[in-house]
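The values are calculated or read from the model by the stated rules, or taken from the named source; none is laboratory data. It should be emphasised that the depicted structure is a prediction, and the values quoted were computed from it without experimental measurement. FYI the Cβ positions are ideal-geometry reconstructions off the backbone, even for glycines, and counts take in every protein chain you see. Ligands, DNA and RNA are excluded from the accessible area calculation, which covers all protein heavy atoms including side chains. Shrake-Rupley method; radii C 1.70, N 1.55, O 1.52, S 1.80 Å.
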Amino acid sequence: MKAPVSEQRTLLDLQAADSRIAQLGHRAKTLPQQKRLDELAAQIGTVSHRLAGTNGELEDAQLEISRVESDVEVVAARLARDRSRLESSSSTKDIQGLEHEIASLEKRQSDLEDIELAVMERMDEINGRLAVIVEEMAGLATERDELQASRDADLAAITSELAGVQLNRDLIAGGVGDELLALYNRQRERYGIGAALLTRGVSMGSNVKLHESDLAKIRAAAPDDVVIDPDSSCILVRTEESGL
């Protein structure tokens, strides 16, 4: 293939733009904030599970104390009734029966109050653990939000630069003939680099000095011949620096 020397040299600018686009794309995918955000997502998931479990414990304790308080109210009502009946009763048998029932109810009331106290103490302990978990979750959420804001700002800057580089790349590509551009794009897609400078006998595509036999073939090529690097398979661009 033949192509004007000026177009071949333009490929170096095109390659520089493509290299920068690739660098920016890599940066966008490997922002340092993202690694920590991924870690935070896992931590927040773990803490959320603990939070749900602790809230469940608190709900169970609240239901239990509600049942106990209801039982206390029932016992207190029966005690009030029996004491009222005791005060107005004149039957020895009824009095003995009421006294026995009142004693049983008082024992039940005392037991329920002990249970109520134990449940309240357990609720205090659960609320303490819950406060610690909520604080931990708030800290993680704050760090996540700050990192997301930082990441988004970096992504916005990368996106802005990428748009500028892509626009410049398109302008550069417009100065290259269709056949040469197609070859460049094909080599770049296949081998990672489309064009490189040959400088002092060294291909900048492979960073390897070419064999003398390869250099001899390049010296024999016409200036408008398109030369392919035997090592990296990119288009070799020759200039006064090529050492030919």
- [ ] Would you confirm whether any residue within segment 82-89 is assigned to a helix (DSSP H, G or I), without any contact (Cβ under 8 Å) to a residue 12 or more places away in the chain and surrounded by 13 or more Cβ atoms within 10 Å (Cβ to Cβ)?
- [x] no
- [ ] Would you mind telling me which numbered condition in (1) surrounded by 14 or more Cβ atoms within 10 Å (Cβ to Cβ); (2) over 18 Å from Ala22 (Cβ atoms) Glu212 fails?
- [x] (1)
TODO: Go through (1) part of a helix (DSSP H, G or I); (2) over 30 Å from Gly175 (Cβ atoms) and name the single condition Leu24 misses.
DONE: (2)
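With the requirement that a residue be over 8 Å from the mean Cα position of the chain (by Cα) and either in contact (Cβ under 8 Å) with a residue 24 or more places away in the chain or surrounded by fewer than 13 Cβ atoms within 10 Å (Cβ to Cβ) (or both), what does segment 23-40 give you?
The answer is Leu24, Gly25, His26, Arg27, Ala28, Lys29, Thr30, Leu31, Pro32, Gln33.
Residue-by-condition table, conditions (1) among the β-branched types (Val, Ile, Thr); (2) outside any helix (DSSP H, G or I); (3) surrounded by 13 or more Cβ atoms within 10 Å (Cβ to Cβ):
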| site | (1), (2), (3) |
| --- | --- |
| Ile172 | yes, no, yes |
| Gln187 | no, no, yes |
| Arg219 | no, no, no |
| Pro230 | no, yes, yes |
| Leu236 | no, yes, yes |
- [ ] Would you check if there is a residue in segment 159-170 being of a type in the set (Ser, Thr, Tyr), in a helix (DSSP H, G or I), in contact (Cβ under 8 Å) with a residue 40 or more places away in the chain and loosely packed, with under 14 Cβ neighbours inside 10 Å?
- [x] yes
- [ ] Check Glu125, Glu143, Glu121 and return the single one that is within 43 Å of the chain's Cα centre (by Cα) and either within 17 Å of Val47 (Cβ to Cβ) or hydrophobic (A, V, I, L, M, F, W, C) (or both).
- [x] Glu143
- [ ] Would you mention how many residues in segment 193-233 are of a type outside the set (Ser, Thr, Tyr) and in contact (Cβ under 8 Å) with a residue 40 or more places away in the chain?
- [x] 14
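Is it true that Thr46 is under 30 Å from Ala141 (Cα atoms) and open to solvent by 50 Å² or more (accessible area, probe 1.4 Å)?
So Thr46 fits the description; yes.
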